[in-house]
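Laboratory data are not the source of any read-out in this text; all were calculated from the coordinates shown. Since this is a predicted model, take the numbers as computed values, not measurements. Using ideal geometry, Cβ is built from the backbone for each residue, glycine included, and neighbour counts are taken over all protein chains shown.
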Amino acid sequence: MMAPSSDLPVMTDIFKLLSPEQQAKTPAGVPPAGVTVNMSNPPTVGYTLVAVASVLMTIMLLIVGLRFYSALYLRRKWHADDCT
């Protein structure tokens with residue numbers, strides 16, 4: 001395999017030569033057959049990600065709270081492994 005020649009322009013170099021308006025209108029690639037592009041309202045999984053992260057954070061805080069409760073109030077001793 002041959003190394004790319006330094007005489008040939010790289011696509012990123014060509015992209016930098018375009019004006020910001022032209023860059024904004026340049027697509028990233030051609031979509032697959034049967035896929036319609038919806039740039040005004042693209043699909044997102046952001047709300048699902050926030051919901052799942054919130055549930056997992058709540059479960060984690062509950063478990064950590066129970067661990068501290070058992071170490072401080074049930075055993076009434078604090079060991080080195082409680083800090084990890």
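Taking Lys and Arg as +1 and Asp and Glu as -1, the other residues whose beta-carbon sits under 13 Å from that of residue 82 total +3. Spin-label model, residue 80/residue 26: points 7 Å from Cα along the beta carbon direction are separated by 5.8 nm.
The percentage of C-alpha pairs in region 45-84 whose separation is greater than 15 Å is 54%. Taking a Cβ cut-off of under 14 Å around residue 66, the surrounding Lys, Arg, Asp and Glu residues balance to a net charge of +1, with basic ones at +1 and acidic ones at -1. Under the simplified labelling scheme, the residue 68-residue 55 pair shows an inter-label distance of 2.5 nm, with each label point 7 Å from Cα along Cα→Cβ.
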